Amino acid sequence: MRYYPNIPDLNANSSINLLLKRAKENRTVWIEEYETTGGYSALKKALTKLTPEDIVIMVEESTLRGRGGAGFPTGRKWRFALANPKPRYLICNADESEPGTFKDRIIIERDPHLLIEGMIISAYALGAELGFIYIRGEYPAGYMILEDAIEEARKKGYLGKNILGTDFSFDILVYRGAGAYICGEETALIESLEGKRGHPRLRPPYPANEGLFGRPTVVNNVETLSNIPIIVTYESYYMSIGPAGYYGPKLFPISGKVKNPGVYESTMDITLRELIDMAGGMKDGKKFKAVFAGALGVYSERDLDTPMDYSPKGFGGTGTTIVLAEDDCIIDALIVIGEFFHHESCGKCTPCRVGTYELLNILKKFQEGTATEKDIKYLEHLCENIPVGSICGLGYSAPNAVRDALKKFRDEFYLHIEKKCPAGVCFKE
C-alpha cells in the first residue's frame with residue numbers, strides 16, 4: 001500500500017466493541033483482515049436473505065438517528081426518499097468540521113470497509129445505484145485510504161455490476177471538499193458536489209425529494225452508515241444495546257483538559273460526567289470548569305449528569321466534548337469559537353454574515369477590557385436574532401455557546417467589564 005500522510009495517533013477506546021471493534025489501534029484494516037473478522041457478512045446476509053423493505057424496517061425499529069449532529073431518524077429520512085421515483089442517490093457526509101469533532105476520522109482511516117459495507121447495504125435498501133463520499137479536504141490520508149479500499153471492494157465483487165452474483169449493482173465515488181465547514185450542511189454539500197459554490201439551499205424541497213441533480217437523495221454521515229452492518233447483523237438484539245429509544249453504539253470525541261483525549265465508544269445511557277471519567281478524568285488534577293459541545297452550547301458543573309442521548313434534555317448532536325478547566329477563560333474560549341463561525345459563514349444570509357462578525361468583535365471588547373453592560377444586552381440581542389434570519393444550521397448554531405455562557409457564566413462577563421479575569425488569562429501586562 002502507498003504512503004498516507006498526516007494520520008494522527010488518536011486514542012480510541014470502547015466498552016462495547018462495535019464501531020471501534022477494529023479501530024482501536026492506529027493502523028488501517030484492509031479487506032482480508034476485515035473479512036476474516038466478520039466483515040461483509042452483513043452484506044451477504046442482506047443480499048441473500050433480506051428484501052430492501054426488510055432492511056428499511058430494521059433501521060426504523062433500531063431508532064437509529066443521524067450521528068452528524070441533527071439527530072434526525074434515519075429510517076424516516078429513507079422513507080421520504082423511497083416515496084420518490086428512481087434514480088436515487090446515496091451520499092456519505094464525511095465533511096466533519098465542527099470544532100472538536102474527529103470521530104468519523106477514526107472509522108475512515110482505520111476501518112474504511114465498515115463504512116463501505118454500510119453504504120452498500122443502505123444503497124440496496126434505497127434502490128440506489130451510485131453513491132458518493134464527500135470527505136473534507138483536511139483528511140488527505142482518509143481520501144486516499146477510501147479510494148484504495150473501494151478498489152479492493154470492487155476486485156472482490158462487493159461493488160460494481162451484479163454484486164455477489166445478484167441483480168443489484170452499486171458503485172461509490174469519493175469527492176474531496178476544499179475545507180469549508182458549510183459543506184457539512186447537506187444542501188451546501190450537494191451544491192458543491194454538483195460543481196457549484198457551497199451555499200445552502202432554501203428548503204423545501206428537501207434532498208429526499210430533490211437532492212443531487214434534482215433526484216431524491218439520502219445524505220447520512222460516516223457514523224450513521226457504519227451502524228447499518230451492525231443493525232443487519234444483530235437485528236432485534238440491537239435494541240438491547242443502550243437505553244430505550246436511543247439504541248446502538250455512539251462515538252464521543254473528547255478533547256481539552258482530560259488525561260486521555262480521544263474517541264470513546266459507549267452506549268447513550270452514560271452521563272457527561274461518566275464520559276469525562278472514561279477519558280481519565282481531569283488533567284493534572286485541575287478542577288472542572290465547563291464543556292464546549294462543538295456547535296451546540298456550553299455545559300457547566302451543574303450539567304455533568306446530563307445523559308449523552310438524543311432526548312430533549314440530552315446532550316445530543318455529534319457528542320463532541322471539549323473540556324475546560326479552572327485555568328481556562330470562558331471569554332477566551334468563546335472568542336476561539338466566534339472566530340471559527342465568523343470565518344466559516346458562507347455569507348449568503350446577512351444575519352449570519354454580519355451577526356457572527358458582530359459577536360466576535362463584542363467578545364473581543366470583553367477580553368480587551370473595553371466592554372460595558374450595554375454590550376451584554378447587545379450579545380443577547382444577537383443571540384436571539386441571528387438564528388431567526390438564517391437559513392441553515394451554521395446560523396442557527398453560531399450563537400449557541402455565547403447564549404449558554406451568558407446564562408451559566410454571566411459573572412465572568414461582568415468581571416471582564418471590571419478588567420478582572422478569574423482564570424488569569426486576560427489583561428496580562
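The values are calculated or read from the model by the stated rules, or taken from the named source; none is laboratory data. Not measured: the values here are computed from a predicted model. Cβ coordinates were reconstructed from backbone atoms using ideal geometry, including for glycine residues, and neighbour counts include every protein chain displayed. Keep in mind that these areas ignore ligands, DNA and RNA; they rest on the heavy atoms of the full protein, side chains included. Shrake-Rupley method; radii C 1.70, N 1.55, O 1.52, S 1.80 Å.
Data for the structure
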item	result
Close pairs (8 angstrom Cβ cut-off, 6 or more residues apart or separate chains): free of Cβ contacts under 8 Å to residues at least 40 places away in the same chain in the range 93-110, among the polar types (S, T, N, Q) and in a helix (DSSP H, G or I) anywhere	none
Residues located in the range 323-336, provided they are surrounded by 24 or more Cβ atoms within 10 Å (Cβ to Cβ) and not in a helix (DSSP H, G or I)	VAL323
Some residue of the range 63-73 being closer than 30 Å to GLU194 by Cα, modelled with pLDDT of 95 or more, touching a Ser or Thr at 6+ places or on another chain (Cβ under 8 Å) and open to solvent by less than 10 Å² (accessible area, probe 1.4 Å)	yes
Qualifying residue in the range 109-129 (condition: within 19 Å of the chain's Cα centre (by Cα) and farther than 16 Å from LEU43 by Cβ)	yes
Scope the range 122-141; condition in contact with a Pro (Cβ under 9 Å, 6 or more places away or on another chain), farther than 19 Å from PRO229 by Cβ and open to solvent by less than 10 Å² (accessible area, probe 1.4 Å); matching residues	ALA141
Qualifying positions in the range 1-21 - of a type in the set (Ser, Thr, Tyr), open to solvent by less than 70 Å² (accessible area, probe 1.4 Å) and in a loop (DSSP other than H, G, I, E, B)	TYR4
The range 317-353, residues that are farther than 21 Å from SER97 by Cα and modelled with pLDDT of 95 or more	ALA325, GLU326, ASP327, ASP328, CYS329, ILE330, ILE331
Of all residues in the range 78-105 being of a type in the set (Ser, Thr, Tyr) and under 23 Å from ALA401 (Cβ atoms), the one that is modelled with the lowest pLDDT	SER97
Counted residues, the range 211-251 - those being surrounded by fewer than 16 Cβ atoms within 10 Å (Cβ to Cβ), part of a helix (DSSP H, G or I) and in contact (Cβ under 8 Å) with a residue 24 or more places away in the chain	4
